[in-house]
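Asks: Let me begin by handing over the structure; questions about it come next.
The values are calculated or read from the model by the stated rules, or taken from the named source; none is laboratory data. Bear in mind the structure is a predicted one, so any value in this text is a computation, not a measurement. Cβ sites come from the backbone with ideal geometry, for glycine too, and all protein chains shown count toward neighbours.
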Amino acid sequence: MSVRNALLALLEQGPRYGYQLRAEFEDRTGGTWPLNVGQVYTTLSRLERDGFVEGRGADGDGHVVYAVTTRGRDEVATWFSSPVPRTQPPREELAIKLALAVSVPGVDVGTVIQQQRSATMAALQDYTRLKRRATGDDPQELAWVLVLDSLVFNAEAEIRWLDHCEARLRRAAKDRDDDRRRVVSTSSTDAGRSTDAGRSTDAETEAHR
Amino acid sequence: MNAVLELDTVTRVHGEGATEVTALHQVSFTAYAGELVAVMGPSGSGKSTLLTLAGGLDSPTSGVVRVEETDLSALGQKGRAAMRRTSIGYVFQDFNLIPALTAVENVALPRELDGAGSRSARRAALAALGEVGIGDLAKRFPDEMSGGQQQRVAIARAIVGDRRLILADEPTGALDSETGEDILRLIRARCDAGAAGVLVTHEARHAAWADRVVFLRDGVIVDEAGSDRPDALLQPAR
């Protein structure tokens, strides 16, 4: 419930109306997670129903202004003092795609991985370019830089995971090859041929190291 | 825009016969003035070989390595050493500073070896240290500095005398993530100012500072990510 808690935290700084809340939320997160104003107002009315905020009537321009209640302040304090729960892993399209790619015949998993790695790297370059521009001097900018860092570290984790998948697949493929060669060399009576096969495997191992 | 570093169908084979290993296979690669290129790949993919060839520390089995249009093999041992002092800056993971020399002496050394007067070498060294933000630490010895500061000295040594090719081998490997980022900012700034940079790394977060990212696997370039150079579109396909 991050939007609900973020709005409450913003309201802690003083009464605000929906449009203001949306603008401030997007400012601090660099517009990374856009909110529509309808979503802001439904959240506010739910917060009011639960006693975390109260409507203060309309200002001169007819905007309904909301203020945080004591219960709301407690709620914000609890949010900041407890970790974000890691419950069910979110449905991850990439993990699902790779799980299927390795188990469905005829898919070139290596290409799937490299394609994704290039795309994620391009996104990572974009985030880094944005970071280069941001100086992080005032608190607002610092907030945005932290959000960017989060995107950067997530993209990096994805690339590391892809590297790991690739290494694992290559090892599995090599083990399969070795097994096949072993079968060939034990069933073959031609000693010379089996030595050659053994030698080329060694060279490959070297090259992969 | 001109090519500062050019690898033209470069192959490097180590050993021979049964133990023969191809570290790089027919790799063509160019780094232009003003751009930073990252080379990524697992251990053994050939990325360090690529960098040592580019720096003239090793020679290709076949193919040509050119730095500022000079064929490094044609130069001979002495000529390559001179090239490394004047045109090529190398930054290593473990800094490689000389412990008995102060920061400014470390940075001045390549200029002095190249025959520059010690006063002019010192002046250039101080300017380079200033450029990397540690002009005030000129008289410190390496063991009196943090890892990040030592790496700044190493970068100053790599750029002193206006060298146009910077080769960095995992330059942030020994540093924490924020200090590492400062180092990348410096290398990036040098490239923005007109140098060509090649950064070898296995960390995607660091490679992302580059304009282009080249992926190496088993000595072959398998893919490339990042923006095309605008004038690349104007060049005939090879």
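Asks: From A:Ala167, A:Ala134, which residue is at the interface with another protein chain (Cβ under 9 Å from one of its Cβ atoms) and either of a type in the set (Gly, Ala, Ser) or more than 15 Å from the chain's Cα centre (by Cα) (or both)?
Replies: Numbers: A:Ala134 fails: at the interface with another protein chain (Cβ under 9 Å from one of its Cβ atoms).
The unique qualifying residue is A:Ala167.
Asks: Here are some residues: A:Val145, A:Val183. Which one is surrounded by 15 or more Cβ atoms within 10 Å (Cβ to Cβ), at pLDDT below 90 and assigned by TED's automatic domain parsing to the domain that holds A:Arg129?
Replies: On the way: A:Val183 fails: surrounded by 15 or more Cβ atoms within 10 Å (Cβ to Cβ).
Result: A:Val145 is the single residue among A:Val145, A:Val183 that is surrounded by 15 or more Cβ atoms within 10 Å (Cβ to Cβ), at pLDDT below 90 and assigned by TED's automatic domain parsing to the domain that holds A:Arg129.
Asks: Specify the residue that is farthest from the chain's Cα centre (by Cα); the eligible residues are those in region B:192-210 that are buried (at least 24 other Cβ atoms within 10 Å of the Cβ) and either farther than 11 Å from B:Val39 by Cα or not assigned by TED's automatic domain parsing to the domain that holds B:Asn2 (or both).
Replies: Out of the qualifying residues, it is B:Trp209.
Asks: For region B:206-238, which residues satisfy the criterion of being assigned to a helix (DSSP H, G or I), of a type in the set (A, V, I, L, M, F, W, C) and at pLDDT 90 or above?
Replies: Restricting attention to region B:206-238, the residues satisfying the condition of being assigned to a helix (DSSP H, G or I) are B:206-207, B:230-234.
Right, trim to of a type in the set (A, V, I, L, M, F, W, C) and you get B:207, B:232-234.
The one that is assigned to a helix (DSSP H, G or I), of a type in the set (A, V, I, L, M, F, W, C) and at pLDDT 90 or above: B:Ala207.
Asks: Something else now. Among all residue pairs at least 6 apart or on different chains, which show Cβ distances below 7 Å where the first residue, located in region B:120-133, is farther than 16 Å from B:Arg188 by Cβ and the second is in a loop (DSSP other than H, G, I, E, B)?
Replies: The qualifying pairs are B:Ala124/B:Val160; B:Ala124/B:Gly161; B:Ala125/B:Val160; B:Leu126/B:Ala138; B:Ala128/B:Val160; B:Leu129/B:Ala138.
Asks: Here is a follow-up. Give me a count of the residues in region B:153-187 that are of a type in the set (S, T, N, Q) and touching an Asp or Glu at 6+ places or on another chain (Cβ under 8 Å). Don't jump to the end; show me each part of the working.
Replies: Initial filter on region B:153-187 (of a type in the set (S, T, N, Q)): B:172, B:177, B:179.
Next, only the ones that are touching an Asp or Glu at 6+ places or on another chain (Cβ under 8 Å) stay: B:172.
The number of residues fulfilling the criteria is 1.
Asks: Report, by residue number, each residue of region B:44-70 that is among the hydroxyl-bearing types (Ser, Thr, Tyr) and either in contact (Cβ under 8 Å) with a residue 40 or more places away in the chain or over 30 Å from A:Glu166 (Cα atoms) (or both). Talk me through it step by step, then tell me what you get.
Replies: Residues of region B:44-70 that are among the hydroxyl-bearing types (Ser, Thr, Tyr), as a first pass: B:45, B:48-49, B:52, B:59, B:61-62, B:70.
Once the filter is applied, which keeps residues that are among the hydroxyl-bearing types (Ser, Thr, Tyr) and either in contact (Cβ under 8 Å) with a residue 40 or more places away in the chain or over 30 Å from A:Glu166 (Cα atoms) (or both), region B:44-70 yields B:Ser45, B:Ser48, B:Thr49, B:Ser59, B:Thr61, B:Ser62, B:Thr70.
Asks: Free of Cβ contacts under 8 Å to residues at least 12 places away in the same chain and either surrounded by fewer than 17 Cβ atoms within 10 Å (Cβ to Cβ) or not polar (S, T, N, Q) (or both): is that true of B:Ser73 in this structure? I'd like the intermediate steps shown before the answer.
Replies: On the way: free of Cβ contacts under 8 Å to residues at least 12 places away in the same chain: no; either surrounded by fewer than 17 Cβ atoms within 10 Å (Cβ to Cβ) or not polar (S, T, N, Q) (or both): yes.
Criteria not met by B:Ser73.
Asks: Okay, moving on. Out of everything in region B:139-188 that is within 18 Å of B:Val37 (Cβ to Cβ) and assigned to a loop (DSSP other than H, G, I, E, B), what residue ends up being nearest to the other protein chains (Cβ to nearest Cβ)? Working first, answer last.
Replies: Step one: filter region B:139-188 for residues within 18 Å of B:Val37 (Cβ to Cβ), giving B:155, B:158-159, B:163-172, B:183-188.
Keeping just the survivors that are assigned to a loop (DSSP other than H, G, I, E, B) gives B:163-164, B:170-172.
Values: B:Arg163: 23, B:Arg164: 22, B:Glu170: 15, B:Pro171: 16, B:Thr172: 13 Å.
Here the answer is B:Thr172.
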